[in-house]
Amino acid sequence: MIAVIRFPGSNCDMDMVHALGDVLKRKVKLVWHREFKGGEFDVVVLPGGFTYGDHLRAGIIAAFSPAMKEVREMAKEGKPVLGVCNGFQILTETGMLPGSLLRNDGLNFVCKWIRLKKTGGRSLFARKVEDFVSVPIAHNEGRYFIDEKGLRELEQNDQIVFKYVDAGGNETYESNPNGSLSNIAGICNPEGNVMGMMPHPERACEEILGGKDGLKILEVLK
Amino acid sequence: MTAQVDLTAEEQKQVRQILGREPNEVEWGMIDIMWSEHCSYKSSRPHLAKLPTKGERVLVGPGYDSGVVDIGKGWAANFKVETHNHPSAIEPYGGSATGIGGIVRDILALGAYPVGFLDSLHFGSLNSPHSQWLFRYVVKGVADYGNCIGVPTVAGEVQFDKSFEKNCLVNVASFGFVRKDKIVQGYAKAPGDVLILAGGSTGRDGVHGVTFASRTLDENSEMDRPKSPRWRQSSTNTNCHTR
């Protein structure tokens with residue numbers, strides 16, 4: 001059973017439940033954060049949104065919630081944990097993933113379809129993904145940053161899962177929508193079972209939405 | 001006159017006449033709000049009266065938070081339009097953002113789920129730095145509020161003409177959908193009815209925001225700008241929809 005946790009201010013929760021439940025026919029439950037018990041689930045997804053109105057800093061208040069203690073336990077047990085957009089911000093704020101997400105370099109909210117290249121083989125979530133996927137992004141604080149030593153570790157451990165690329169598959173300045181360090185769009189923990197990504201796979205799950213590449217990322221969740 | 005109100009002298013006289021006495025400060029405050037341009041549309045009412053409001057498919061007409069029409073197969077759609085001209089003229093970002101906040105509340109208030117926003121914006125000449133400033137931040141306010149609650153602004157129009165230089169027009173609209181049998185109407189008419197007021201925490205900066213719409217804008221209006229706009233209500237939105 002997959003849990004999608006809803007915090008006050010989550011707003012992509014229903015989309016995620018739709019993609020996993022209605023499209024992929026997985027058993028999925030939308031759970032209010034106060035009622036979340038990790039032991040009842042095999043997988044947990046932190047959906048996008050503006051938890052607690054982004055007060056103080058995106059994701060930081062949710063990061064200190066009791067629900068996230070449960071999520072941390074699940075991660076230790078090796079269960080898959082996926083954070084999308086604000087969910088990624090929560091994962092970096094808890095320290096479950098390294099680095100942080102800063103304000104976009106253009107200082108504006110960016111909402112558009114982008115192309116991702118799979119760069120990391122370690123992540124459980126990238127197993128079914130071909131080399132490239134097209135999915136939308138929609139965020140104001142998505143510029144991934146980490147210090148030099150941290151970046152080296154990510155590279156050495158094969159933890160960088162997705163990078164922003166152009167149509168030809170090249171990591172360029174133009175294809176980087178938010179100024180992320182090294183065009184990073186998504187990373188995982190060294191074990192590969194915890195992944196955070198800024199793009200929204202759940203918004204690319206049906207042709208009517210403009211594409212369904214996102215399913216290739218969500219497909220591994222059972 | 002004990003309380004400071006934005007009602008005209010004539011309106012104040014009418015209040016005393018209806019009540020048959022001098023209202024107290026709280027009453028003045030309430031009447032000031034309910035009779036404000038923002039809440040009662042006193043100047044636009046004669047024009048609004050010309051619009052068609054009756055029909056087979058009209059489920060909820062004028063007088064409630066938003067209008068509801070039957071769209072068939074057991075579903076209904078509701079719509080709301082609001083102007084936020086005065087607040088946007090002195091504080092474009094907070095002014096337009098709270099316009100979205102107001103209309104999304106009116107969709108939610110009927111038990112419906114909000115799905116989209118529209119806007120119709122009118123500014124002075126694009127060559128004027130003042131209008132450029134208003135344009136940039138009004139658009140940002142509408143966009144940011146929508147992004148926060150996960151509802152897109154799907155269409156709109158914008159016009160630039162020097163006649164709007166000192167009085168920009170900021171109109172926003174929202175629409176949502178609801179099962180016909182799940183429409184909720186908020187009224188408590190009988191004694192003993194329970195009124196529940198739900199919402200996020202707010203600051204003092206909104207006090208007199210509504211009655212501000214009744215005033216005429218002048219060069220001193222800038223002094224009325226709130227110091228710390230707090231408008232993010234996304235958590236309230238989620239809480240209203242734990243379906």
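The values are calculated or read from the model by the stated rules, or taken from the named source; none is laboratory data. Quick caveat, the model's predicted, so the values are computed rather than measured. Positions of Cβ are backbone-derived with ideal geometry, glycine not excepted, and every protein chain shown enters the neighbour counts. The protein model used for the area step is the full one, side chains on, heavy atoms only, and it has no ligands, DNA or RNA in it. Shrake-Rupley method; radii C 1.70, N 1.55, O 1.52, S 1.80 Å.
Side notes on the structure shown:
- Between the range B:1-76 and the range B:161-197, the alpha-carbon center distance in angstrom: 12
- Volume per residue that the Cα convex hull of the protein assembly as shown spans, once the total is divided by residue count, Å³: 186
- Measuring heavy-atom accessible area with a 1.4 angstrom probe and counting protein chains only, the residues of the range B:146-194 that give up at least 30 Å² relative to the chain alone are B:Asn147, B:Cys148.
- Here is how the number arises for the protein assembly as shown: DSSP H runs of 4 or more residues each give -39500 (n - 2.57), the sum is divided by the residue count, and the result at 222 nm is -7500 deg cm²/dmol.
- Selection from A:Leu209, A:Val220, B:Leu195 lying farthest towards where the dipole of the protein assembly as shown points positive, charges on Cβ: A:Val220
- When each of A:Lys118/A:Lys212; A:Lys27/A:Lys128; A:Lys212/B:Lys80 is checked by Cα-Cα distance, pairs over 25 Å: A:Lys212/B:Lys80
- Close amide H partners of B:Ser36, meaning residues 5 or more places away or on another chain with modelled amide H under 5 Å apart, do not exist here.
- Solvent-accessible area of A:Thr172 with every protein chain in place, 1.4 Å probe, in Å² to the nearest 10: 40
- For the protein assembly as shown, the dipole from Cβ point charges (+1 on Lys and Arg, -1 on Asp and Glu) about the Cα centre works out to 1040 debye, to the nearest 20.
- Between the range B:100-154 and the range A:14-91, the alpha-carbon center distance in angstrom: 29
- Whole-percent carbon and sulfur share, accessible surface of the range B:55-239, 1.4 Å: 55
- Extension gain for A:Lys27 to A:Leu107 (0.36 nm times residue separation, less C-alpha to C-alpha distance): 24.9 nm.
- In the range B:55-239, one over the average inverse separation of all distinct C-alpha pairs is 17.6 Å, which is the Kirkwood hydrodynamic radius.
- Prolate/oblate/rounded label for chain A (Cα gyration tensor, a/c 1.5): rounded
- Once the 1.4 Å probe is applied to the protein heavy atoms, the protein assembly as shown comes out at 52 Å² accessible per residue.
- With a cut-off of 12 Å between beta carbons, the residues surrounding B:Ser174 carry a summed charge of -2, where Lys and Arg count +1 and Asp and Glu -1.
- Listed residue pairs exceeding 24 Å between alpha carbons, taken from B:Lys42/B:Lys180; A:Lys69/A:Lys149; A:Lys29/A:Lys79: B:Lys42/B:Lys180; A:Lys69/A:Lys149
- Trypsin sites (Lys or Arg not before Pro) restricted to the range B:135-199 and DSSP loop, no more than 10 other C-beta within 10 Å: B:Lys189
- Over the range B:55-239, relative contact order from alpha-carbon pairs under 8 Å, at least 6 apart, %: 28
- Look at the dipole of chain A built from charges on Cβ: of A:Gly95, A:Asn170, A:Gly150, the Cα furthest out on the positive end belongs to A:Gly95.
- Two-decimal Rg/Rh across the range A:93-136, once Rg and the Kirkwood Rh are taken from alpha-carbon atoms: 1.04
- Label point 7 Å beyond Cα of B:Lys182 along Cβ direction - residues of the range A:1-30 with amide nitrogen under 14 Å: A:14
- Accessible surface of B:Met30, taken over heavy atoms with a 1.4 Å probe and every protein chain present, rounds to 120 Å².
- Computed extension length for A:Glu35-A:Arg57: 5.5 nm, one decimal, from 0.36 nm per residue of separation with the Cα-Cα distance subtracted.
- Longest exposed-site-free window of chain A, the sites being GluC sites (Glu not before Pro) in a DSSP loop that have at most 14 other C-beta atoms within 10 Å: A:1-76
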